[in-house]
Amino acid sequence: MTRPQIKERLLRWIAVPALAAVLVGLAILQYRWSGQVSDATRAQMVSSLHNSLMGFRQDFARELGAVAIEIRSMAESSAATKPADLKEQFHRWQQTAAHPKLVSHIYLWKDAAHQEPVRFDPAANEMERTAWPAEFGQFQQRLLEITSAHHPAAAGGPDDAMMRRRGRRSGFHPHNFNPERRQNAGMGLAMHERMADMMIPWAVDQTIPALAYPIRRHTGPGGSGGPPEIVWLVIQLDPNVLQKEIFPELGQKFFGSSSGMDYYIAVRAADSDGERVFYSSGAGFGEEKNLPVDATLNLIGPPFGHTGAQDAGLDFFAAPMRQMAGDHGPQSDEQHLATLERLPRFEPFHYGGGQAQATWQLVAKHKSGSVEAAVSALRRRNLIASFGVLSVLAVTMGLILMASQRARRLAKLQMDFVAGISHELRTPLAVISSAAENIAHGVVEDKQQLIRYGNTIVKQSRQLTQLVEQVLLFASTQRSQGQYGLGPLNIAEVIDAALEGTSATVAAAGFTLARHVEPALPPVKGDFTALVRSLQNLVTNAVKYGGDNRWLRVSATSVKEKGRFAEVQLAVEDRGIGIDKEEIKHIFEPFYRSPAVNASGIHGTGLGLPLARNIVERMGGKLTASSELGKGSSFVIHLPAATERALQEMIPVDKPTGAEPDFS
């Protein structure tokens, strides 16, 4: 086994499996990496969704907080002077508010037991004492219960002494301060009372919706001493502003992107009667029962789970007092107070039975169906892209292997061509050189013998010329891909010219020639000289490989489609050695010669059939071959029949009187 063959086998049995193993390894790594990327993406999306939900909740609390702080400040100042001042202050606030129509009505309820509330209507710019609306029935009763529980004297209950005892039990007393601050007990008490007021949360009834806050005022001389007076501040919100302005803005801010919102979001009001959609970013989203969502968050109260109710509802007074017990220092108290003024706290309003009314829940669901579905879709796209790249890499590697194999095969063919043409050149050159030497050295003295030597030199010179012309013609056809000058051709004339040019070769080989031309054949488009040359090559090959039967036939027939001439077929058949099925697909490749032909000693360059096919194809036709080993071969030139319109447009081509030499 030669070294090139060993290298070829190593490439086939080692390199190819190694490359395949590399591709499989890359595919496994890509699959694992895509899983890790998907896990990281899932965690990132869940974290981003959580941050968006919390941002939505915090900004919503800021919206409510801005309104609550401003109106509480208005109510405190107007309660100390006269309620009518609230109107002017409210209108000034509306001019700079982000959502001036968010507040529907403002209620001030001073005597919970005996008086109706004072209502301010911003739309009508009126302030009047009026009865509570019907939807405030349960809300009003709960406010009265809270007032009675914490300030019974204000509602006809226990006296002030009981209130003071409750205040001591709550942990709030001036003597709880450190010794350095006892001399300023009055100032410390005022500061702590104000801080206690600031720490009282706002109650939110999410059914109305409305905010409630107790404003405490001392009724004794100088505004100190005696039981505090409770003035309830109730801010009724406009649900249309929440649904059409605030919630859409927050949704776009925290869930939107340049391509739109990636999530469907909805605010659902969940109560004992079920759930209803308060706001939805998508048509119908949130209305389905048991809707699977990616995340849920309470907008008011504890962010997750169900909000719990205290024993007596919201403990507006005791809890702030307990938190105030201890010492923060004067500067710390002021800083704490400023923080409380900026960040009011909201808690859901609880009714009997410890059940919250219509808790607002923010729900989010990815538009792909879920976060998991979005991650899975992303992983599929990544896998498709990754395996697409691997497929391209595999195809490229396959093409490289095929190109290398083809290059080696072409190199081998070229070496065989060089060897074959060297042999073809050596024979005529040796004959010419030998004959010339005999003549030059006087070996040939007889005139007849001299004539015979001269004819041999002429014959070998012509064979050498034909060989050189064949190589040059092949080189020219590879460089130029233009078409021949096409004109109308008579197939019978083409056959006659080709047979005339090869008659000497056929006769010398002792072949029987059969000629059949179908009458009334249609003309074809082509170049006369080139077509004759191709047909001569087929005839010469039939003689060369005709074997012992020494028979060939040249025929021309027509093919019709739908009653019209479609093409003309020129066939050259022999009963020679034939071509193997595995080799017939290679016979039109340049430089290819069958190993069996090389072994038989039949000379040739492997350029005849490629040249013939190239010539026929450039005339718009095709060359096909069929063969059976040991029974002969058939080569057929297919040329399209020329239409009448094409014949009128073509310029007749002059035909040469003699045919070109054979170039087999």
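The values are calculated or read from the model by the stated rules, or taken from the named source; none is laboratory data. On a predicted model such as this, the values are computed, not experimentally measured, just so you know. Cβ atoms come from the backbone with ideal geometry, glycine included; neighbour counts cover every protein chain shown. Calculation scope for accessible area: heavy atoms of the full protein, side chains included, ligands and nucleic acids excluded. Shrake-Rupley method; radii C 1.70, N 1.55, O 1.52, S 1.80 Å.
For the reader, a short list of remarks on this structure follows.
- Cβ-Cβ distance of Glu249 and Leu472, R₀ of 60 Å, FRET efficiency by 1/(1 + (r/R0)^6): the value works out to about 0.15.
- Summing charges over neighbours of Phe139, with a neighbour being any other residue whose Cβ is under 12 Å away from its Cβ, gives -2 when K and R count +1 and D and E count -1.
- Accessible surface of Ile208 - all protein chains present, 1.4 Å probe, nearest 10 Å²: 30 Å²
- For Ser281, solvent-accessible area (1.4 Å; no DNA, RNA or ligand), Å²: 50 Å²
- Label-zone membership for region 36-74, site Ala385, 7 angstrom Cα→C-beta point, backbone N under 18 Å: 36-45
- Accessible area (Å², per residue) of region 398-444, counting only protein heavy atoms and a probe of 1.4 Å: 66 Å²
- In summary, region 21-101 shows an alpha-carbon radius of gyration equal to 2.32 times the 2.2 N^0.38 Å reference for compact globular proteins.
- Full-stretch length increase - Ala430, Ala124 - with 0.36 nm per residue and alpha-carbon distance subtracted: 97.6 nm
- Most tightly packed first, judged by the mean number of other beta-carbon atoms within 10 Å of their residues, the peptides 365-372, 42-49 read 365-372, 42-49.
- If R0 is 35 Å, the Cβ-Cβ spacing of Thr643 and Lys585 corresponds to a FRET efficiency of close to 0.55.
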